[in-house]
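This report concerns only the one structure given below.
Where a number appears in this text, it was derived from the coordinates with a stated rule and is not lab data. Note that the structure is a prediction, hence the values are computed from the model and not measured. Cβ atoms come from the backbone with ideal geometry, glycine included; neighbour counts cover every protein chain shown.
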Ligand SMILES: [Zn+2]
């Protein structure tokens, strides 16, 4: 039972029996207690408004505050105010005052804030006061009576014209622009609009973690989905099948290439938006965060004209960025560089980049086979997902091409056993593989507010030798604090932790059909490989990130 309901009981505005009935009433999800009380009619509306004002410390509306004309009609639609029983009263540059009968409906208040781009001030009024004022204003504007069958009931699932109409509604356009702008400002890589029970959740991924961006009433959420589908050229009438689209959108000062995928769910259609990197941001191999020895090793291996270099890690571990940086490092007008990707994330000047299209038969394998006829020098295969691609890839590496690719494995050593599992013969792996880079992304501590803390003697002993060797100065760690630069999170951006397994003669001999990745890893460490954990610890000592972050990304198997 909500505190507000018990408060009403204590003040004898509700009887025990009414409270029981309110609690038992089966109502749609997302309906607030206040709305339920309003609908029950147990309390006179004016008495309820007075009580809400007192309880939540909100002023009741003064008769002189009712507006004589619509406020921000280009941002807040009539449909919205009617459906949610709210009425904008007055707006200035930074704030919007709104009459509400239910101040607890935060989803509606959030929508108003987003659509108006203003801070929201509340005045309490009764539901019937608000609704009659709304109709009076609209009537005055249109000069005709609004019929009872308002368009709020008209949203049939299949009504394409209506969906389009909704998606062109100014508040919806503003809402979507705002979501993009905020996502861009927050440095989000993904934005998700996900219908849930009684609301539509907007979440974004920042520095690898999901965070909630907004919670919208269902209709506004659906309209936002339609708007995004229109922006990306998808069929808005099709809501039962998944669709993919791309577009270039402007968000604040920046333009983004986005890839959009829709997916039907039990609560409605969800949309996932991936922000692709802008064309001019090809990553620099020197800025990936490799320590000097690792960097030197990777460059040396990449400078061969044949063989294979593999980057491994789970989804979202920065593999594509590393490969793009290697490609850019190798980018030379005398060489022919070709990539096969899904999707093309970085556009690199002078490189032929091919997007696979499985729907028309352009898979990784078929594309790779046909492009070998173009005689490339360096081939980047976005991912070796299947046996056929792996086999063609290894064969190309054997026949005078440098092949760069990614595999979905947790450790560098795991790449070798994965290739064997994919049906590649061990001797072919031994004769083509040059090195494997394994990586994860961790959140980078905000350099403005991070705080050092001394660590215990026992902890110092836990630090892997390779990390301790690399670090000069006192053994201390850093923790996040939070400031205005990092939005109070203590983290800003991401950093990668790496391990690079170079295949030397000794390891080459070990690669046999039944080899375990443990044996390979042990041998590599004996040869001086810095493990991802070791690199992570070193980066903790350097104040780049925290032990918790290292633990988080190295334990997700
Ligand atoms: Zn900070």
*Nearest 0.05, what FRET efficiency do residue 462 and residue 352 give at R0 = 35 Å with Cβ-Cβ as r?*
0.15
*What base-10 log of the normalised intensity I(q)/I(0) is obtained for the range 160-276 from the Debye formula, alpha carbons as equal point scatterers, at q = 0.24 Å⁻¹?*
-1.63
*What is the Cα coordinate range of the range 1-74 on the first, second and third principal axes, sorted by size from largest, in whole angstrom?*
43, 27, 18
*Largest first and to the nearest Å, give the Cα extent of the range 502-556 along each principal axis.*
39, 22, 12
*Can you tell me the FRET efficiency between residue 506 and residue 370 if r is taken as the Cβ-Cβ distance and R0 is 60 Å, rounded to the nearest 0.05?*
0.95
*Ranking 104, 97 by Cβ neighbours within 10 Å, fewest first, what do you get?*
104, 97
*Which values, in whole Å and largest first, are the semi-axes of the equivalent ellipsoid of the range 44-153 obtained as the square root of 5 times each eigenvalue of the Cα gyration tensor?*
21, 17, 13
*Per the Cauchy relation, a quarter of the hull surface: what is the mean projected area of the convex hull of the alpha carbons in the range 228-309, in nm²?*
9.4 nm²
*Percentage of Cα-Cα pair distances in the range 300-432 greater than 28 Å, rounded to whole percent?*
7 percent
_Using Cβ counts within 10 Å as a stand-in for footprinting exposure, how do 24, 512 rank, fewest first?_
24, 512
*Kindly provide log₁₀ I(q)/I(0) values, in the same order as q = 0.07, 0.08, 0.13 Å⁻¹, from the Debye equation applied to equal alpha-carbon scatterers of the chain.*
-0.57, -0.70, -1.25
*Taking only Cα atoms, what is the 0 to 90° angle, nearest 10, from helix 319-330's long axis to the longest principal axis of the chain?*
50 degrees
*Could you give the C-alpha radius of gyration of the range 260-343 expressed as a fraction of 2.2 N^0.38 Å, taking N as the number of residues it contains?*
1.42
*Take the Cα coordinates of the range 410-557, assign each an equal point scatterer, and use the Debye formula without solvent to give log10 I(q)/I(0) at q = 0.11, 0.21 Å⁻¹.*
-0.51, -1.19
*Any chance you could list the semi-axes, whole Å, largest first, of the equivalent ellipsoid that the Cα gyration tensor gives for the range 53-94, using √(5λ)?*
20, 14, 11
*Take every DSSP beta bridge with both residues inside the chain and express the antiparallel ones as a percent of the total, to the nearest 5.*
65 percent
*Hey, quick one: spin label on residue 7, modelled 7 Å out along Cα-Cβ, who in the range 41-70 has an amide N within reach, i.e. under 15 Å?*
47-60
*For all pairs of alpha-carbon atoms in the range 411-484, what percent lies in each bin of width 10 Å, listed from the first bin to the last filled one?*
14, 27, 23, 19, 15, 1
_Point-to-point label distance, residue 135-residue 555, nm (Cα→Cβ direction, 7 Å offset)_ = 5.9 nm
_If you fit an axis through the alpha-carbon atoms of helix 292-302 and take the longest principal axis of the Cα set of the chain, what angle between them do you get, 0 to 90°, nearest 10?_
70 degrees
*Can you put 532, 380, 477, 263 in order of Cβ neighbours within 10 angstrom, beginning with the fewest?*
263, 477, 532, 380
*Give me the angle, in degrees from 0 to 90, between the Cα long axis of helix 387-398 and the longest principal axis of the Cα atoms of the chain, rounded to the nearest 10.*
40 degrees
_Estimated distance in nm for a label pair at residue 303 and residue 261, the labels positioned 7 Å out from Cα along Cα-to-Cβ_ = 3.9 nm
